[in-house]
Amino acid sequence: MIKLEGLSKVFPGHNIPAVKDLNLEINEGDVCVLVGPSGCGKTTTMKMINRLYEPTGGKIYIRGEDALQMNPIKLRLDIGYVIQEIGLFPHMTIEENIATVPNEKQWPKDETKQKVSEVMTLVGLDPKVFKDRYPSALSGGQRQRVGVARAMVSDPPIMLMDEPFGAVDPITRARLQNEFLRIQERMGKTIVFVTHDIDEAIKMSDTIAVMREGELVQHATPSDLLSAPADEFVSNLVGRNRSIKRLHLIRINEILDEVDRAKPASEDAKIGEVEKQIEESDIRSVIVVDKDNKLKGVIGVSDLKRKSGEVAGDYCQDVTDTITSDATLNDALSVMLECGEGYVAVVNEDDQYEGTITLGDLLNVVKEEG
Amino acid sequence: MAREIWKWLGIPLIMIAIAAVIVIYSVNNPTDSIVARMLTYERVFRVIREHMGLLLVSMTGAIIVGVAGGIMLSRPSLYRIGRVMETFVNIGQTVPSLAVLALFYTILGLGFNVAVFALFLYSILPILRNTFAGIDGVEHNIIEAARGMGMRPLRILTKIELPIAFPIIVAGIRTAIVINVGAATLATFIGGGGLGDLIVTGLSVHRDMIIVNGAVIAAVTAILLDYLIGKVEERVVRWA
Ligand SMILES: Nc1ncnc2c1ncn2[C@@H]1O[C@H](COP(=O)(O)OP(=O)(O)OP(=O)(O)O)[C@@H](O)[C@H]1O
Ligand SMILES: [Mg+2]
């Protein structure tokens, strides 16, 4: 889909090339993440693909066509672009910002409106609330969502995303990443994604291209990169705790069926039975659900002594945090560490209980895969 | 809606009323026969008309040429010249307006047209500089985002650069108007007419009342125009 051949860029007046003899092939529907330290040429590479920068050497093929021969305006209209600095237009409302490409393509007004509102919902911004606001009235994370929405509104087959989740806190970032992956699963776009966060790279990518001082060091699947880093630079970048990083690669729903766990207790179950269940449980607790299988709470050993009553519902206390099954095992680990518990309850969007993941399960995975 | 209009027109009406009261009082209660002869409604209206003529013609020209010139100088091919121009304008503005008029008098002679031309040149400077600075000040990443999404240069100019620079361009126009109204009172020295007529006449016959009339009308005009443009700008620019 995208093929870079011996691509180079020397900025006028610089002796060292910003990008040097880069060869990279990205398959249709893949997310290729460019990682590397600051200044290694990630942004420069990306800007050559949509020809904001003219390469000083090499070739770019898009669907087999020589991109350097194409009309740059046409080329850019069909490549979604999220710029590193977000670059929202301060004098336009969110709706007008997102409608930029449709307006350039002269779509009918009502079709544009419709599509803008769709894509806002997709990135988690309520159109009713946000469409008439100006960028100055948005938080950093909301602006990044607008940036992403603006890039994807015309449904371009290719997207270039330069650190699209750079300016947000880790929790929001994880949520945006998960939303992105969910959307991408449906859309199957070909995406070049820049980050200098290796964890993000491992989580988001089909392939990772590691760059250093303008050169491509290794291009591999995240799993191969973790198990066989090409050289010391890559293994340093990946870091020492590689087995923990594997937790990024596995989603909860992939192991949820395999983990063997006691059934949850219903809230009107006799406390005597529940007590036995708790004794047998490896986390010394039992999850309690109501009759719709909605998560009600949890009963630990200490709750049995502290409270009194006839049925499970009388004893249970609130669960601090839960997780959905499309999150990664690494997300599950973060939640456990944050809550200081050895387990986390998995629920669906309607808060219905789907299972429990424990620290032991994570250890097993790391052991098996490592 | 009615409230809104009053909020807009309240201050201008008060200003006009103050000026009108002063004019009416002075014309009806002249301190002596000299004032009575020199200060008539007819004359006041004539100098106001002349003054507005000077202002309107020179400002229209200055806005058109200043904005167009500022845009042109902000294009990559002329950008370096634009930077040089910025410095020159700052120097140029330190030249007193009286000197500008004197200069044009020696070159072009007397009359309304010469006065208009001098005012035009003098008013262009802040507009030219602000247009250039406003466009130049648009953040680079905003332009890059626009280019990256496939906007053509002309579209980027009209849809991105000019709207973002708009408040700064308007600030330049406001500065120009205030300077222009003041400088136009000097036009009378080279036979350009205007409110300066009253002031100069008043000075030569030592009658403060005539001077006050000319000065008050000029001041009210400057404040009024500045205020109205500010209000219009507030209306147009809702994003800042
Ligand atoms: N427009 C430019 N003119 C001159 N040099 C540039 C330009 N853009 C980038 N460079 C240089 O090229 C090199 C690569 O920059 P680039 O922006 O591609 O890095 P990056 O990998 O995206 O870094 P970061 O992670 O900090 O965004 C740097 O040394 C930078 O200084
Ligand atoms: Mg960069």
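Diffusion coefficient of the stretch A:253-369 by Stokes-Einstein, Kirkwood radius over Cα pairs, 20 °C, 1.002 mPa s: 148 µm²/s.
Please compute the volume of the convex hull spanned by the alpha-carbon atoms of the stretch A:157-296 and report it per residue in Å³. Walk me through the numbers on the way to the answer.
Values: hull volume 22.7 nm³, N = 140.
That works out to 162 Å³ per residue.
With every protein chain kept in place and ligands, DNA and RNA left out, what is the accessible area per residue of the protein assembly as shown? Probe 1.4 Å, answer in Å².
On the way: 29530 Å² over 610 residues.
Per residue, the protein assembly as shown has an accessible area of 48 Å².
The stretch between A:GLU185 and A:SER139 holds 13.9 nm of extra length on full extension. This uses 0.36 nm per residue minus the Cα-Cα distance. Take every pair of alpha-carbon atoms less than 8 Å apart whose residues are at least six positions apart; their mean separation over the length of the stretch A:2-250 yields a relative contact order of 27 percent.
Among A:148-159, A:227-238, what's the highest-first ranking by average C-beta atoms within 10 angstrom per residue?
On the way: A:148-159: 21.8, A:227-238: 14.9.
Output ranking for A:148-159, A:227-238: A:148-159, A:227-238.
When the pairs A:LYS276/A:LYS305; A:LYS189/B:LYS159; A:LYS47/A:LYS203; A:LYS3/A:LYS47; A:LYS128/A:LYS189 are compared against a 19 Å limit on Cα-Cα distance, A:LYS189/B:LYS159; A:LYS47/A:LYS203; A:LYS128/A:LYS189 fall above it. All alpha carbon pair distances within the stretch A:2-250 were sorted into 10 Å bins beginning at 0; the resulting P(r) in whole percents reads 7, 31, 35, 21, 6, 0.
To the nearest 0.05, what FRET efficiency results for B:ALA240 and B:ARG49 with a Förster distance of 30 Å applied to their C-beta separation? Let's see the in-between values first.
On the way: r = 37 Å, r/R0 = 1.23.
With a Förster radius of 30 Å, E is 0.20.
With contacts taken as Cα pairs under 8 Å at a separation of at least 6 residues, the stretch B:2-239 carries a relative contact order of 27 percent. Per-residue ellipticity at 222 nm, computed for chain B from helices alone with -39500 (n - 2.57) per DSSP H run of at least four residues, works out to -26500 deg cm²/dmol. For the residues A:HIS219, A:HIS196, a 1.4 Å probe over the protein chains yields an accessible-area ranking, largest first, of A:HIS196, A:HIS219.
For the chain pair A and B, the buried solvent-accessible surface (1.4 Å probe, both sides summed) amounts to about 2000 Å².
For chain A, what does the helix formula give at 222 nm: sum of -39500 (n - 2.57) over DSSP H segments with n ≥ 4, over the residue count, nearest 500 deg cm²/dmol?
Values: 18 runs with 143 residues, N = 370.
It comes out at -10500 deg cm²/dmol, rounded to the nearest 500.
Once all protein chains are placed together, A:SER302 keeps about 60 Å² accessible to a 1.4 angstrom probe.
Contact residues in the stretch A:48-75 (at least 30 Å² less accessible area with all protein chains than alone, 1.4 Å probe): A:LEU52, A:ILE73.
Among B:18-30, B:41-53, B:185-197, sorting by the average number of other beta carbon atoms lying within 10 angstrom of each residue, highest first, gives B:185-197, B:41-53, B:18-30. Report note on the peptides B:142-151, B:71-80: ranked by the mean count of other C-beta atoms within 10 Å, highest first, their order is B:142-151, B:71-80. Each residue was assigned an accessible area with a 1.4 Å probe, and for B:PHE117 the value is about 90 Å². For A:VAL31, the amide hydrogen comes within under 5 Å of the amide hydrogens of A:ILE191, A:ASP206, A:THR207, counting only partners 5 or more places away or on other chains and with H modelled in the peptide plane.
Report, to the nearest 10°, how far helix B:79-92 tilts away from the longest principal axis of the Cα atoms in chain B, using its own Cα long axis and a range of 0 to 90°. The helix B:79-92 is inclined about 20 degrees to chain B. Taking every alpha-carbon pair under 8 Å whose residues sit at least 6 apart, the stretch A:253-369 reaches a relative contact order of 23 percent.
A straight Cα-to-Cα reach below 14 Å connects A:LYS109 with the aspartates and glutamates A:GLU95, A:GLU96, residues fewer than 8 places away in its own chain not being considered.
Residues of the stretch B:147-163 that lose at least 40 Å² of accessible area (1.4 Å probe, protein heavy atoms only) when the other protein chains are present, relative to their chain alone, are B:ARG147, B:GLY148, B:MET149, B:GLY150, B:MET151, B:ARG152, B:ARG155. Rolled with a 1.4 Å probe across the full set of protein chains, the surface gives A:LYS59 an accessible area near 80 Å². GNM remark for chain A: springs join alpha carbons under 10 Å apart, and the peak mean-square fluctuation among A:ILE98, A:ILE198, A:ILE271 falls on A:ILE271. May I ask you to give the percent of accessible area on the stretch A:1-156 that is carbon plus sulfur, with a probe radius of 1.4 Å? Taking all protein chains in place, the stretch A:1-156 shows 48 percent carbon and sulfur surface.
Kirkwood Rh, Cα Rg: Rg to Rh for the stretch B:86-206? Numbers along the way, then the final one.
Working: Rg = 19.4 Å, Rh = 16.5 Å.
That ratio equals 1.18.
According to the calculation over all Cα-Cα pairs in the protein assembly as shown, the P(r) per 10 Å bin from zero is 3, 13, 17, 16, 14, 12, 10, 7, 5, 3, 1, 0 %. From the alpha carbon centroid of the stretch A:178-204 to that of the stretch B:169-229 is 65 Å. For chain B, the calculated P(r) over all alpha carbon pairs, in 10 Å bins from 0 to the bin holding the longest distance, is 7, 26, 28, 21, 11, 4, 1, 0 percent. Residue by residue along A:151-164, Cβ atoms of other protein chains within 10 Å of the local Cβ number 1 on average.
The values are calculated or read from the model by the stated rules, or taken from the named source; none is laboratory data. Worth saying up front: this structure is predicted, and the values here are computed from it rather than measured. Note: ideal-geometry Cβ built from the backbone for every residue, glycine included; neighbour counts use all protein chains shown. Quick note on the areas: whole protein, heavy atoms, side chains included, nothing else; ligands and nucleic acids left out. Shrake-Rupley method; radii C 1.70, N 1.55, O 1.52, S 1.80 Å.
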